[in-house]
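Undergrad: Take a look at this one; I'll ask things after.
The values are calculated or read from the model by the stated rules, or taken from the named source; none is laboratory data. Keep in mind that this is a model prediction, so the values were computed, not measured. Virtual Cβ from ideal backbone geometry, glycine too; neighbours counted across all protein chains shown. Just the protein is used for accessible areas: all its heavy atoms, side chains included, with ligands, DNA and RNA removed. Shrake-Rupley method; radii C 1.70, N 1.55, O 1.52, S 1.80 Å.
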Amino acid sequence: MDLGSYKDLNFNGTIIKTPLSVVEKASQVNWVRENTTYKRPLKVKSKYDFEAFGRIRFTIEPRCTLEEIPLGIICKDGILKITSPKC
C-alpha cells in the first residue's frame, strides 16, 4: 500500500492478515488459498478536510501479474471515506 507523501495522514503499523497465509516448503512463497482480509491502520494527523490518493499493489501467482488498485481517502466534516478515483 502506498499513499505517497501526505501531511494529513500516514500508516500506523504493519499489514494485518486474517487468516494468515501459509508458506509452502516447495516454493518458499506465502500462498493465499482462501478469502483473506488485509488491514493496515491509518493515523489521521489533521483536524481539517483533506484528500489523499494512493494505491494497493500486489502480484497474483502463478500468473505473475502485477495488480494496482487506485484509492482515495477523503476526510470531510470529520467523516473519513475511501473512494475509487477515476484514472
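Undergrad: Can you return the lysines within cross-link range of Lys81? Criterion is Cα-Cα under 28 Å, with same-chain partners fewer than 8 residues away left out.
TA: Within reach: Lys7, Lys17, Lys39, Lys43, Lys45, Lys47.
Undergrad: Using a cut-off of 12 Å between beta-carbons, work out the net charge of the residues near Thr18 (Lys and Arg +1, Asp and Glu -1, Thr18 not included).
TA: +1
Undergrad: Further question on the same structure: What per residue convex hull volume, in Å³, do the alpha-carbon atoms of the chain yield?
TA: Taking only Cα atoms, the chain has a hull volume of 123 Å³ per residue.
Undergrad: Further question: Taking the Cα centre of segment 9-83 as origin and charging only Cβ (+1 Lys, Arg; -1 Asp, Glu), how large is the dipole, in debye to the nearest 20?
TA: I would put it at about 240 debye.
Undergrad: For the chain, give the percent of accessible area contributed by carbon and sulfur heavy atoms, probe 1.4 Å, rounded to a whole number.
TA: 54
Undergrad: What whole-number value in Å² describes the accessible area per residue of segment 9-83 for a 1.4 Å probe?
TA: Per-residue accessible area for segment 9-83 comes out at 80 Å².
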